[in-house]
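Structure first, then comments.
The values are calculated or read from the model by the stated rules, or taken from the named source; none is laboratory data. Small disclaimer: the values here were computed from a predicted structure and weren't measured. Here the Cβ is made from the backbone with ideal geometry for all residues, glycine too, and neighbour counts use every protein chain on show.
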Amino acid sequence: MPVTRELATEMKVLFKDFIDEFLKSEEFFNRLTDVFTKKFDEKVDHMFALYVQKYKKYNSLESELKILSNKSDELEQHTRRNNLRIIGILTLSNLNLKFYRTNLMNWNNTPGAII
């Protein structure tokens, strides 16, 4: 059966009426709302899972930073215990360290020198 102009016009009118009735129905909006709500809930759950994962990583890194900071302070304090302080030697920048090394024993014999 060939499609005539009248048949095509009648099909357009019927289809338009069907769409109008369908869009007016409450069931359409309920289904649409359900689909959007489900997708939205899935996205929120996914974002929350990512947030929890990042928060745990942040806390882990913060804890590790505190541990390493404390360890660094302990090592710095430990290295200071091994420092030797010599009193009575000039601290001029242009003095030769070789001179100090060779004459250190002489200063030890000087009266009033504390090493």
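Restricting K56, K43, K98 to residues that are modelled with pLDDT under 85, over 30 Å from F18 (Cβ atoms), basic (K, R) and part of a helix (DSSP H, G or I) narrows the list to K98.
For region 1-36, filtering for residues that are outside any helix (DSSP H, G or I) and of a type in the set (V, I, T) leaves 2.
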